[in-house]
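The values are calculated or read from the model by the stated rules, or taken from the named source; none is laboratory data. Because the structure is predicted, anything quoted here is derived from the model rather than measured. Cβ placement follows ideal geometry from the backbone for every residue including glycine, while neighbour counts extend to all protein chains displayed.
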Amino acid sequence: MCGIVGYVGNKEIKDILIDGLTELEYRGYDSAGIATLQENNIRHFKSIGKLVNLQDKLKNYSSDGFVVGIGHTRWATHGKPTELNAHPHLGEYSYVVHNGIIENYQEIKKSLEQKGVNFVSQTDTEVIVHLFEDFYKDNNDEFKAFEKTLNALKGAFAVLLISKIDNQKIFFAKHGSPLIVGDDENGEIYFGSSDSAMIGKAKEVIYLEDGEYGYASLDGIKLFKKSKSKKLHKKTLTQDKIYAQKDGFRFFMEKEIYEQSEVVNDSMMGRVLDEQIDFEELDKNFFKGINEIQICACGTSYHSALASSYLFERLAKMQTSVEIASEFRYKQPLMKKNRLFVVISQSGETADTLETLKMAKKAGMKTLAICNVDNSSIVRTADKTILLRAGIEKGVASTKAFATQMMVLWMLSLYIAKLKNSLKRKKMVKELQSIREIPSILKITDKLHEKIKRLSKRYLHGHGFFFIGRDIFFPLALEGALKLKEISYLHAEGYPAGEMKHGPIALADSELFTIALMPKSLLYEKTKSNVEELSARDSTILAVSPEEFELADDFIKTNHSAHPMGEFFEMMIVVQLLSLEIAIRMGNDVDMPRNLAKSVTVE
Ligand code: AGP
């Protein structure tokens, strides 16, 4: 989730841009840069790491007079966090900043290289500025060149572009990633990927809609969609920065639950092809001699690891073992070279997980990290990394990282299935079809959220919760229980539904709340009979299922899905929102629960 800012006016631009990028720091980044254009003089400043490094480079710069400029904080999706990969990206006489993923950047890059264009970065973004200049060469019309560039891009993008062709303007476009343009009482222009970057500067703003683009100068904002001029839909800008950073949600965790549809879509970009999965970070030789998978992780990442083991065995026919990192470290484990050693970590800094990775490296195993933070210790240690592209996760209780982990692991199981030829083409196509449906399944309806908000009031006491499920819904039950524990401080356990009769059912009574995950697409009848056993002993049941369950005390209806993973993602939303709404009723600090840290960098 990168940050974008822009400015057209007469103030000191470095203060405007740096202040805007500082307000966007909460979105997370690993490098930053700005570019300015005055008269015919185009300048750029870039740095890796924190913004203070960029400010250092700007200390002898001042804009002094009319200027246009753009700025960017980068969260790596393509290419390591380096100065070369930091935005803005330069053509011959233009600069661009971009947030999102250009799915077809490799084919564009190839065709431009064949025309003799030199690329300096590993990013997808750089193709935008070279394509713009290439189109400009054809027709000498910068606006048409900009339109043609946008039409050639596939994927998600929010773009700002400045060019020596016209040093009065900033070109902008919004498609799939957020972008806002606004102005102040003097007609000076401001841009931001979140309105928090514009508070105290712009007075009125336009929350650009997908497909809108145009240019802005001191003569005003010109807005277009499908080559037709559009009326400016301006709104007065809020002056509450924290409220803006949460995009109007009550907590970052709530915002991140709602972001899951978008970030899971990002995690799929350029990876879900017509008939197969592709990871540009991997190559098939990496899997030579590998016929087993061993995964180590902690907490929520352990739950996604456990769920993925069902997929790796079922789809890729790869024997898969999953271990809690803190246990694995001290059990004198077998480390076999025919196993791919996988670590899963949102932060990339979890001490226990990192240590298991070092153990595997020492034992000469091939290692793969599935991680959300590029350049983290785990990423720097693993042989290969697949980035989650979830953007910064502020809530201590992990949500969108879990969702993107599940998507990446599902895609990886299909990637390996292709290599091992373990899936028929027809089955692969059906899997890919199901994958494509997930972003829309993750869109939360007001009806669902209101229902969960209402029924959460009944679950504020009692002597505890069981979350139960079978197959991939057992790890989801573990995850639901962890979410509830973490932020409501109520006791909850995740359990395989089939295990209840082996002891836990002794706890069953009306004060015991059971959250039963009852998917229709997988072992429904088996799960249903387990839940009936609990209900017969007076346990209070909250059934989550596409099928009405008459014995439930509460019922949340989910949708039928052809694939169990479709039900998995929808029920994931339910257990996340349930823990959120119970914790809010308890008056807890959902984003910063007691005793917890976002990243456990100690043993
Ligand atoms: C999850 O909600 C918790 N915050 C915690 O269990 C977390 O998943 C665990 O500490 C692992 O963190 P990592 O994914 O950054 O390695």
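Just one of (1) farther than 30 Å from residue 124 by Cβ; (2) more than 16 Å from the ligand (Cβ to nearest atom); (3) outside any loop (DSSP other than H, G, I, E, B); (4) out of contact with any Phe, Trp or Tyr (no Cβ under 9 Å at 6 or more places or on another chain) fails for residue 289. It is (3). Taking segment 129-175 on its own, how many of its residues are part of a strand (DSSP E or B), among the aliphatic types (A, V, I, L, M) and out of contact with any strand residue (DSSP E or B) (no Cβ under 7 Å at 6 or more places or on another chain)? So the count comes out to 0. Residue check: residue 572 meets all listed conditions (1) in a helix (DSSP H, G or I); (2) modelled with pLDDT under 95; (3) closer than 30 Å to residue 377 by Cβ but one, namely (2). Taken as a whole, the structure leaves residue 470 outside the set of residues that are closer than 30 Å to residue 588 by Cα and within 34 Å of the chain's Cα centre (by Cα). Looking only at residues in segment 492-506 that are modelled with pLDDT of 95 or more and assigned to a helix (DSSP H, G or I), the one that is surrounded by the fewest Cβ atoms within 10 Å (Cβ to Cβ) is 499. Summed over segment 336-354, residues that are more than 18 Å from residue 388 (Cβ to Cβ), part of a helix (DSSP H, G or I) and touching a helix residue (DSSP H, G or I) at 6+ places or on another chain (Cβ under 7 Å) total 1.
Within segment 292-322, restricting attention to residues that are surrounded by fewer than 21 Cβ atoms within 10 Å (Cβ to Cβ), without any contact (Cβ under 8 Å) to a residue 40 or more places away in the chain and in a strand (DSSP E or B), the residue that is nearest to the ligand (Cβ to nearest atom) is 321. Applying the criterion of being under 17 Å from the mean Cα position of the chain (by Cα) and hydrophobic (A, V, I, L, M, F, W, C) to the residues of segment 71-109, the residue that is nearest to residue 266 (Cα to Cα) is 101.
Within segment 560-600, the set of residues being within 15 Å of the ligand (Cβ to nearest atom), of a type in the set (D, E, K, R) and either within 18 Å of residue 517 (Cα to Cα) or surrounded by 21 or more Cβ atoms within 10 Å (Cβ to Cβ) (or both) is empty. Scanning segment 61-68 turns up one or more residues that are buried (at least 16 other Cβ atoms within 10 Å of the Cβ) and closer than 28 Å to residue 156 by Cβ.
Scanning segment 507-522 for residues that are of a type in the set (A, V, I, L, M) and not in a strand (DSSP E or B) yields 507, 508, 518, 522. Of all residues in segment 390-404, none are surrounded by fewer than 23 Cβ atoms within 10 Å (Cβ to Cβ) and within 25 Å of residue 319 (Cα to Cα). Can you find even one residue in segment 72-87 that is surrounded by 14 or more Cβ atoms within 10 Å (Cβ to Cβ) and over 20 Å from residue 375 (Cβ atoms)? No.
Total residues in segment 97-121 satisfying the condition of being of a type in the set (Phe, Trp, Tyr) and buried (at least 19 other Cβ atoms within 10 Å of the Cβ): the figure is 1.
Inspection of segment 473-491 finds no residue satisfying the criterion of being outside any helix (DSSP H, G or I), more than 16 Å from the ligand (Cβ to nearest atom) and either under 27 Å from the mean Cα position of the chain (by Cα) or buried (at least 22 other Cβ atoms within 10 Å of the Cβ) (or both).
Scanning segment 154-186 for residues being within 25 Å of the chain's Cα centre (by Cα) and over 21 Å from residue 207 (Cβ atoms) gives a total of 1.
Among the residues of segment 355-372 satisfying the criterion of being within 13 Å of the ligand (Cβ to nearest atom) and buried (at least 23 other Cβ atoms within 10 Å of the Cβ), which is farthest from residue 333 (Cα to Cα)? Per the criteria, the residue is 372.
Scanning segment 92-127 for residues that are out of contact with any Phe, Trp or Tyr (no Cβ under 9 Å at 6 or more places or on another chain) and assigned to a helix (DSSP H, G or I), which turns out farthest from residue 193 (Cα to Cα)? Checked segment 92-127; the qualifying residue farthest from residue 193 (Cα to Cα) is 114.
Whenever a residue of segment 481-493 is farther than 16 Å from residue 574 by Cα, its partners that are more than 13 Å from the ligand (Cβ to nearest atom) and polar (S, T, N, Q), lying with C-beta atoms within less than 7 angstrom and at least six residues away or across chains, give the pairs 489/588.
Of everything in segment 373-389 that is within 11 Å of the ligand (Cβ to nearest atom) and part of a helix (DSSP H, G or I), the residue that is surrounded by the fewest Cβ atoms within 10 Å (Cβ to Cβ) is 377. The residue that is nearest to the ligand (Cβ to nearest atom), counting only those in segment 323-345 that are modelled with pLDDT of 95 or more and among the aliphatic types (A, V, I, L, M), is 344. Do we have any residue at all in segment 413-435 that's β-branched (Val, Ile, Thr) and within 15 Å of the ligand (Cβ to nearest atom)? No, segment 413-435 contains no residue that is β-branched (Val, Ile, Thr) and within 15 Å of the ligand (Cβ to nearest atom). Where strands (runs of 3 or more DSSP E) sit wholly within segment 21-79, those with at least 2 residues that are without any contact (Cβ under 8 Å) to a residue 24 or more places away in the chain occupy 41-48.
Determine, yes or no, whether residue 251 is aromatic (Phe, Trp, Tyr) and within 26 Å of the chain's Cα centre (by Cα). Don't jump to the end; show me each part of the working.
Details: aromatic (Phe, Trp, Tyr): yes; within 26 Å of the chain's Cα centre (by Cα): yes.
For residue 251, the condition - aromatic (Phe, Trp, Tyr) and within 26 Å of the chain's Cα centre (by Cα) - is met.
Per the listing 401, 397, the residue uniquely within 12 Å of the ligand (Cβ to nearest atom), touching a helix residue (DSSP H, G or I) at 6+ places or on another chain (Cβ under 8 Å), assigned to a helix (DSSP H, G or I) and of a type outside the set (Val, Ile, Thr) is 401.
When the residues of segment 366-388 are narrowed to those that are more than 13 Å from residue 75 (Cα to Cα) and either in contact with a Pro (Cβ under 9 Å, 6 or more places away or on another chain) or of a type in the set (Lys, Arg) (or both), which ends up modelled with the lowest pLDDT? Going through the qualifying residues, I end up with 380.
Checked against (1) within 19 Å of the chain's Cα centre (by Cα); (2) at pLDDT below 95; (3) of a type in the set (Val, Ile, Thr), residue 4 passes all but condition (2).
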